[in-house]
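Note sheet for the following structure.
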Amino acid sequence: MSSLNQTAQILRQLHKSGKPLVLANVYDVPSARAVAKLPSAKALATASYAIAQANNTTDDDLDLETNLRHGELIAGVAREFKKPLTVDVQDGYGDQLETAISRLIKIGVSGVNLEDYDNTTKKLMEKDVAVDRIKRAMAVARKEGVPDFALNARCDGFLHGRDLNEVVSRGKAYLEAGANTVFVWGGSRGVSRDEVKTLVEEFDGRLNVLLKFADDGLSIAQLADLGVARISIGPTLQIRAMEYLGKQADELLSQA
């Protein structure tokens with residue numbers, strides 16, 4: 001496990017305030033291979049929504065075994081190209097949290113994205129519950145010999161009507177519990193420039209945001225200038241790839 005911990009250390013070190021790790025989230029072997037072979041790709045990351053779509057299900061209904069199966073396949077690509085891999089483990093699957101983290105580490109995963117939204121109750125977890133789950137996940141990582149496991153703690157406070165003060169409070173608690181970064185997700189509302197600025201200051205730069213592909217969205221350069229450490233895009237690549245496939249198929253079939 002010492003080599004995996006070294007990879008986890010590399011993944012952690014790639015998170016730099018002002019020079020963020022940009023992740024082109026993948027969802028299967030072909031997408032992972034397409035990204036992994038790029039010199040500009042410093043690490044691989046999965047998106048649970050995209051994996052669910054690839055399995056004809058929804059993000060809410062994606063089960064642990066399906067997620068693990070894809071994680072293992074993508075981990076093989078990560079090893080081939082010598083890139084760290086972080087997996088979107090959603091909310092940790094209830095009482096399967098320890099099992100999920102242990103199995104992911106055993107297949108070579110260096111980090112996870114762990115949410116504070118309970119997919120069973122469909123509610124935001126209480127802060128102390130979310131903190132405890134981060135501590136439990138990191139305890140498993142230490143037991144498996146990967147103390148530098150890069151846990152990205154997702155906070156869905158904005159998405160559920162909580163204010164900036166609560167998001168800051170939760171994020172600080174998640175970092176103190178062992179998270180490497182905090183992913184503040186605002187859903188379709190996004191996260192504003194002023195909110196990003198405040199969160200960067202409060203989290204000492206250890207902020208992950210989703211790149212918003214819209215006219216009012218902040219660019220990678222703008223987010224870097226604000227000091228974020230990680231930028232991800234979720235299922236955007238899959239959505240765009242399927243749109244392109246449909247367009248190309250239509251052009252082909254319309255010639256018949």
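Points worth noting:
- Test: residue in the range 193-208 that is in a helix (DSSP H, G or I), β-branched (Val, Ile, Thr) and touching a Ser or Thr at 6+ places or on another chain (Cβ under 9 Å): yes
- Val129 fulfils the conditions (1) among the aliphatic types (A, V, I, L, M); (2) crowded, with 18+ Cβ neighbours inside 10 Å; (3) outside any strand (DSSP E or B) except for a single criterion, (2).
- Residue list for the range 146-163, filter: over 13 Å from Val184 (Cβ atoms) and open to solvent by less than 30 Å² (accessible area, probe 1.4 Å): Val146, Phe149, Ala150, Leu151
- From Thr198, Thr181, residue being of a type in the set (S, T, N, Q) and over 15 Å from the mean Cα position of the chain (by Cα): Thr198
- Identity of the residue in the range 168-192, of a type in the set (Gly, Ala, Ser) and part of a loop (DSSP other than H, G, I, E, B), that ends up farthest from Asn152 (Cα to Cα): Ser192
- Complete set of residues in the range 14-33 that are over 13 Å from the mean Cα position of the chain (by Cα), hydrophobic (A, V, I, L, M, F, W, C) and either crowded, with 24+ Cβ neighbours inside 10 Å or in a helix (DSSP H, G or I) (or both): Val29, Ala32
- Neighbours by Cβ (under 8 Å, 6+ apart or cross-chain): first from the range 173-189, without any contact (Cβ under 8 Å) to a residue 12 or more places away in the chain; second assigned to a strand (DSSP E or B) and open to solvent by 20 Å² or more (accessible area, probe 1.4 Å): none
- Residues considered: Phe203, Phe149. Of these, the only one that is under 17 Å from the mean Cα position of the chain (by Cα) and among the aromatic types (Phe, Trp, Tyr) is Phe149.
- If you filter the range 192-217 down to residues that are closer than 19 Å to Leu114 by Cα and touching a Leu at 6+ places or on another chain (Cβ under 8 Å), you find that the one that is surrounded by the fewest Cβ atoms within 10 Å (Cβ to Cβ) is Leu211.
- Output for the range 209-238, where each listed residue is in a helix (DSSP H, G or I) and without any contact (Cβ under 8 Å) to a residue 24 or more places away in the chain: Ala221
- Within the range 34-53, the set of residues being surrounded by fewer than 17 Cβ atoms within 10 Å (Cβ to Cβ) and either assigned to a loop (DSSP other than H, G, I, E, B) or in contact (Cβ under 8 Å) with a residue 40 or more places away in the chain (or both) comprises Lys37, Leu38, Pro39, Ser40, Lys42.
- Restricting Leu68, Leu11 to those that are part of a helix (DSSP H, G or I), under 17 Å from Asn208 (Cβ atoms), open to solvent by less than 60 Å² (accessible area, probe 1.4 Å) and of a type outside the set (S, T, N, Q) reduces the list to Leu11.
- Taking each residue of the range 118-140 that is farther than 16 Å from Ala100 by Cα and free of Cβ contacts under 8 Å to residues at least 40 places away in the same chain and looking for partners that are open to solvent by 70 Å² or more (accessible area, probe 1.4 Å) and charged (D, E, K, R) with beta-carbon atoms closer than 9 Å, six or more apart or interchain, yields Lys122/Asp60; Leu124/Arg162.
The values are calculated or read from the model by the stated rules, or taken from the named source; none is laboratory data. All values reported here derive from a predicted model rather than from experimental measurement. A quick note on method: Cβ atoms are made from the backbone with ideal geometry, for glycine too, and the neighbour counts reach across all protein chains shown. Ligands, DNA and RNA are excluded from the accessible area calculation, which covers all protein heavy atoms including side chains. Shrake-Rupley method; radii C 1.70, N 1.55, O 1.52, S 1.80 Å.
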